[in-house]
Amino acid sequence: YEEKGFNINNNEPANIETYLGAGTEVYASQNNLYVAKVKYEYKDEKLYGYYDNYDINTYIYKFKLENSKLEYTSTGSVPGEVLNQFSMDEYKGNFRIATTKGNTWDETSYNNLYVLNENLNVIGKLEGLAKGERIYSTRFMGDKCYMVTYKTVDPLFVLDLSMHTNPKVLGELKIPGYSTYLHPYDENHIIGIGMETKEIINRNSNGKVISTTAKVVGMKMALFDVSNVN
């Protein structure tokens, strides 16, 4: 893994740092660079290869950005798998990250949000959101986090992070389809871009519901008014 920093206002050579390893996703604030690496860690070597014999964790490596130089400072980890760079954020010296733990196909999945301090130690967490679903998009805006999970319907969660040691759910909205990208329009409105879906209910010969699935029927763009989180 190689990092390069350079000042775009002059012709000085780039500062290059090389580290052994790799990253899955990258997020940068004005002062720090965070490299996230999803790892599948087996519990028992005797059962190596079994799908239910490993934990999925996300490791975060923090690098300080200063005067076009990069300096490794700390490492932390959280349970679950991070989706992309929008599931990570730095705010008031703390690092926030949203992950999915488990599998949707056997409905063992659930979704989490963790707050880590400047040394990447977990100081706050909210776990167990939307069991059986996984994160499709996340967006942090100051003291709030907007999270979309999905399996057959689209719950949009509004999370309160004002107490960084005690994140909590402020509101939830369920609509058909899902958003794969959330964009802040202003402090009271969020744009969601994703897919429209149709829920399919499967019944047996006696009319009993045996499963519920969904299929994509087109694209979707939605504008959410988040001024009233209830």
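The values are calculated or read from the model by the stated rules, or taken from the named source; none is laboratory data. These figures come from a predicted structure and were not determined experimentally. So basically every Cβ, Gly included, is an ideal-geometry build from the backbone, and we count neighbours across all protein chains shown. The protein model used for the area step is the full one, side chains on, heavy atoms only, and it has no ligands, DNA or RNA in it. Shrake-Rupley method; radii C 1.70, N 1.55, O 1.52, S 1.80 Å.
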Give the stretch 209-230 a look and list any residue that's part of a strand (DSSP E or B), open to solvent by less than 100 Å² (accessible area, probe 1.4 Å) and either modelled with pLDDT under 90 or not charged (D, E, K, R) (or both), or say none.
V209, S211, T212, T213, A214, V216, V217, G218, A222, F224
Go through the stretch 182-195 residue by residue and tally those that are within 15 Å of the chain's Cα centre (by Cα) and crowded, with 16+ Cβ neighbours inside 10 Å.
1
The residue from A14, A22, A98 that alone is modelled with pLDDT of 95 or more and either under 30 Å from M163 (Cβ atoms) or not hydroxyl-bearing (S, T, Y) (or both) is A98
Within the stretch 56-71, does at least one residue satisfy the condition of being basic (K, R) and modelled with pLDDT of 95 or more?
yes
State the number of residues belonging to the stretch 196-222 that are under 16 Å from Y181 (Cβ atoms) and over 25 Å from the mean Cα position of the chain (by Cα).
0
Could you say which residue among V153, V148 is in contact with a strand residue (DSSP E or B) (Cβ under 6 Å, 6 or more places away or on another chain) and either under 18 Å from I191 (Cβ atoms) or free of Cβ contacts under 8 Å to residues at least 24 places away in the same chain (or both)?
V148
Only listed residue being within 30 Å of P13 (Cα to Cα) and surrounded by fewer than 16 Cβ atoms within 10 Å (Cβ to Cβ), chosen from E66, E90:
E66
Where residues in the stretch 132-183 are assigned to a loop (DSSP other than H, G, I, E, B) and hydrophobic (A, V, I, L, M, F, W, C), which of them is nearest to E196 (Cα to Cα)?
V153
Failed criterion for L120 (all others in (1) in a loop (DSSP other than H, G, I, E, B); (2) surrounded by fewer than 18 Cβ atoms within 10 Å (Cβ to Cβ) hold)
(2)
Scan the stretch 204-230 and report the pairs whose first residue is of a type in the set (D, E) and whose second residue is surrounded by 10 or more Cβ atoms within 10 Å (Cβ to Cβ), with Cβ atoms within less than 8 Å and a gap of 6+ or a chain change.
D225/N188; D225/H189
Of these, L170, L161, which one is open to solvent by 50 Å² or more (accessible area, probe 1.4 Å), in contact with an Asp or Glu (Cβ under 6 Å, 6 or more places away or on another chain) and touching a residue at least 40 places away in the same chain (Cβ under 8 Å)?
L170
In the set I191, I201, which member is part of a strand (DSSP E or B), modelled with pLDDT of 95 or more and not polar (S, T, N, Q)?
I191
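When the stretch 78-87 is examined, which residues are found to be open to solvent by 20 Å² or more (accessible area, probe 1.4 Å) and touching a Ser or Thr at 6+ places or on another chain (Cβ under 6 Å)? Before the answer, list the steps.
Filtering the stretch 78-87 for residues open to solvent by 20 Å² or more (accessible area, probe 1.4 Å) gives 79, 81, 83-86.
Once the filter is applied, which keeps residues that are open to solvent by 20 Å² or more (accessible area, probe 1.4 Å) and touching a Ser or Thr at 6+ places or on another chain (Cβ under 6 Å), the stretch 78-87 yields E81, F86.
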Out of (1) surrounded by fewer than 17 Cβ atoms within 10 Å (Cβ to Cβ); (2) over 21 Å from G124 (Cβ atoms); (3) modelled with pLDDT of 85 or more, the odd one out for T75 is which?
(2)
